[in-house]
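The values are calculated or read from the model by the stated rules, or taken from the named source; none is laboratory data. Owing to the predicted nature of the structure, the values given are computational and were not obtained by experimental measurement. All Cβ positions, glycine included, derive from the backbone under ideal geometry; neighbour counts span all protein chains shown. Heavy atoms of the whole protein, side chains included, go into the accessibility calculation; ligands, DNA and RNA do not. Shrake-Rupley method; radii C 1.70, N 1.55, O 1.52, S 1.80 Å.
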Amino acid sequence: MTVTDSAATQVVTPDDIDTAARRIGDVILASELHQSERLSEQTGATILLKREDQQAVRSYKIRGAYNLMSQLTGDERSAGVVTASAGNHAQGVAFACRSLGINGRIYVPTNTPKQKRDRILAHGRNWVELVVTGVNFDAAQAAARADAERTGATMVPPFDHPDTMAGQGTIAAEILAQLDSVPDAVVVPVGGGGLVGGLATYLAEYAPDCKVIAVEPAGAPSLTRALKAGEPVTLDTVDTFVDGASVARIGDFPFGVISSMTERIQVLTVDEGAVCTAMLELYQNEGIIAEPAGALAVTALDQLDIDEGATVVCIISGGNNDVSRYSEIIERSLVHQGLKHYFLVKFPQEPGQLRRFLDEVLGPEDDITQFEYLKRNNREYGAALVGIELGSATGLHSLLERMDASRIDCERLEPGTAAYEYLT
């Protein structure tokens, strides 16, 4: 059976969230509410980071998974569970499987980082089976649902279920318990919407003056599109870089909550490159290893109109980032900041042309970070892909002027074009 189908008439209430908090209290960590001096100075507000990366599974997803699974009947536990996840919810389910003695099959898409796959198996051990299938979360979810219908296992949705939402909403209860006064705003990452739906439900009851800021990646704006259409819609394409929030369709239950609170919930999208910059700054300044989805809330601070002295809580939703991704993260950050650019350069096949390029074109603070010959099939020219990192983003204009003045033919590759995506 699928839990979503059988729970279609349920509603999440603040009491449900309080009950969930008591149910999972011995399993989850009351995560730290850490003040960031750097972000506070930048914004003029008190910026507090809710450190859900400190959980045993390094994300808040354990809250919803454990809350749902701990309520299964004996027969349902015997039949086992099935879930789909981009990685974090899977770790929560795996942890719950081993803790509660329930067998589970966990479906993850092929873009799930190896670090997350390894942690799923480490948490679940011999209680879970990992199935890698589909190019994104939605494809993996379709496979998991088919499994549940075929085997009779219970589906454990990562966001689209009242019990999942109630568990995730316990973060709001913790925040209010940790503060002496109600925060002015809470900034929440959005994928399927379970976290923001549960959190907004609780805050509406106990902190009605607190604004909720929902943040999703520009490459997967499922909530933005749903609000525009008046109902959940399936995105045609999804950028899977922010894997923890790359969901093509917002959950039905979360959307019902969010759409009823549009006067209290502000929805923003942030560029994936800006997310990368926020990740690197969190690591370099606060020592926080945040995955892309975990940095969404902090990334949005630049877009907020924050009153001086306000208290703003940003939820660091997860810290499951594969170290092998950092080269791409640095690259995307540099491109977003206007520091990294690519060019096709046609060098005349004459002695000293590279030296001429360095002397005539490259600025004193510019650096060649990539140089790769693409063609050398004639005697007159040799084309090369050249990556240049600028000392300052404002140096691009003068670099382009020097290229125009040089007799060496230079063509800039614009981000977003087919040539740029193919070559980089």
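Within the stretch 74-95, identify whether any single residue is part of a strand (DSSP E or B) and surrounded by fewer than 24 Cβ atoms within 10 Å (Cβ to Cβ), and answer yes or no.
No, the stretch 74-95 contains no residue that is part of a strand (DSSP E or B) and surrounded by fewer than 24 Cβ atoms within 10 Å (Cβ to Cβ).
When you look at Q303, is it under 30 Å from L179 (Cα atoms) and either in contact with a Phe, Trp or Tyr (Cβ under 6 Å, 6 or more places away or on another chain) or among the polar types (S, T, N, Q) (or both), yes or no?
For Q303, the condition - under 30 Å from L179 (Cα atoms) and either in contact with a Phe, Trp or Tyr (Cβ under 6 Å, 6 or more places away or on another chain) or among the polar types (S, T, N, Q) (or both) - is met.
Do we find a residue being surrounded by 22 or more Cβ atoms within 10 Å (Cβ to Cβ) and hydrophobic (A, V, I, L, M, F, W, C) anywhere in the stretch 338-352?
yes
Please list, ordered by first then second residue, the pairs with beta carbon atoms under 7 Å, 6 or more apart or interchain, first in the stretch 352-376 and in contact (Cβ under 8 Å) with a residue 12 or more places away in the chain and farther than 14 Å from L399 by Cα, second among the aromatic types (F, W, Y) and outside any loop (DSSP other than H, G, I, E, B).
Pairs found: Q353/F347.
With the checklist (1) open to solvent by 10 Å² or more (accessible area, probe 1.4 Å); (2) assigned to a loop (DSSP other than H, G, I, E, B); (3) touching a residue at least 12 places away in the same chain (Cβ under 8 Å) in hand, flag the one item A204 doesn't pass.
Tallying (1) open to solvent by 10 Å² or more (accessible area, probe 1.4 Å); (2) assigned to a loop (DSSP other than H, G, I, E, B); (3) touching a residue at least 12 places away in the same chain (Cβ under 8 Å), A204 fails exactly one: (2).
For G74, indicate whether it is without any contact (Cβ under 8 Å) to a residue 40 or more places away in the chain and of a type in the set (G, A, S).
yes
Among the residues in the stretch 154-163, are any in a helix (DSSP H, G or I), closer than 20 Å to R63 by Cβ and out of contact with any Phe, Trp or Tyr (no Cβ under 9 Å at 6 or more places or on another chain)?
yes
Table: residues versus (1) in contact with a helix residue (DSSP H, G or I) (Cβ under 6 Å, 6 or more places away or on another chain); (2) open to solvent by less than 20 Å² (accessible area, probe 1.4 Å); (3) more than 23 Å from G192 (Cα to Cα).
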{"residue": "G273", "(1), (2), (3)": "yes, yes, no"}
{"residue": "G287", "(1), (2), (3)": "no, no, yes"}
{"residue": "A297", "(1), (2), (3)": "no, yes, no"}
{"residue": "Y326", "(1), (2), (3)": "no, no, yes"}
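Among the residues of the stretch 299-324, count how many are without any contact (Cβ under 8 Å) to a residue 24 or more places away in the chain and buried (at least 24 other Cβ atoms within 10 Å of the Cβ).
The total comes to 0.
Counting just the residues of the stretch 13-66 that are without any contact (Cβ under 8 Å) to a residue 24 or more places away in the chain and in a helix (DSSP H, G or I), which one comes out most open to solvent (accessible area, probe 1.4 Å)?
R22
Pairs, please: C-beta under 9 Å, at least 6 apart or cross-chain, first residue surrounded by fewer than 16 Cβ atoms within 10 Å (Cβ to Cβ) and in the stretch 176-193, second of a type in the set (D, E)?
Pairs that qualify, where the first residue is surrounded by fewer than 16 Cβ atoms within 10 Å (Cβ to Cβ) and the partner is of a type in the set (D, E), are Q178/E32; V182/D209.
Yes/no matrix, rows are residues, columns are (1) over 23 Å from A90 (Cα atoms); (2) of a type in the set (A, V, I, L, M, F, W, C); (3) not assigned by the TED database to the domain that holds D322; (4) not in a strand (DSSP E or B):
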| position | (1), (2), (3), (4) |
| --- | --- |
| V215 | no, yes, no, no |
| K228 | yes, no, no, yes |
| D239 | no, no, no, yes |
| A248 | no, yes, no, yes |
| G256 | yes, no, no, yes |
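Look through the stretch 101-119, keep the residues that are of a type in the set (A, V, I, L, M) and over 18 Å from the mean Cα position of the chain (by Cα), and return whichever of them is nearest to S59 (Cα to Cα).
I106
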